[in-house]
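Here's the structure we're looking at; comments come further down.
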Amino acid sequence: MKTALQQVFSDLEELHPNLLNVYTTEGKEFINHFHKYLELEKQQMRDASCPYVGGWEEDEFEDYYNETYKNTEQ
């Protein structure tokens, strides 16, 4: 499963591979500039998906996020 933003990056990689080419200046600049939005999306997901009133336990959301969005084939 991918987040919406991860899917956008996948589509960009397919449609405009030069934008995500880490071996070019353009690609490095693009990735460095827009990578911050992946962390912002992750924080928004954490805030919006709190499973109970008390909030996520220490590292609980991080484990959930990694299992759901990082450790799957994309």
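Only the coordinates and a few stated rules stand behind these numbers; no lab work does. All values reported here derive from a predicted model rather than from experimental measurement. In this analysis, Cβ positions are derived from the backbone assuming ideal geometry, glycine residues included, and neighbour counts consider all displayed protein chains.
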On Cα atoms only, tilt of 4-15 relative to the major axis of the chain in degrees: 20
Cα-centre dipole for region 4-70 with unit charges at Cβ (Lys and Arg positive, Asp and Glu negative), debye to 20: 280
Mean separation of Cα contacts under 8 Å, 6 or more apart, over the residue count of region 4-70: relative contact order %: 18
Folded to 0 to 90 degrees: helix 25-34 orientation relative to the chain principal axis, Cα: 20
Separation in nanometres of the label points that stand 7 Å from Cα toward Cβ, at Leu40 and Lys70: 2.0
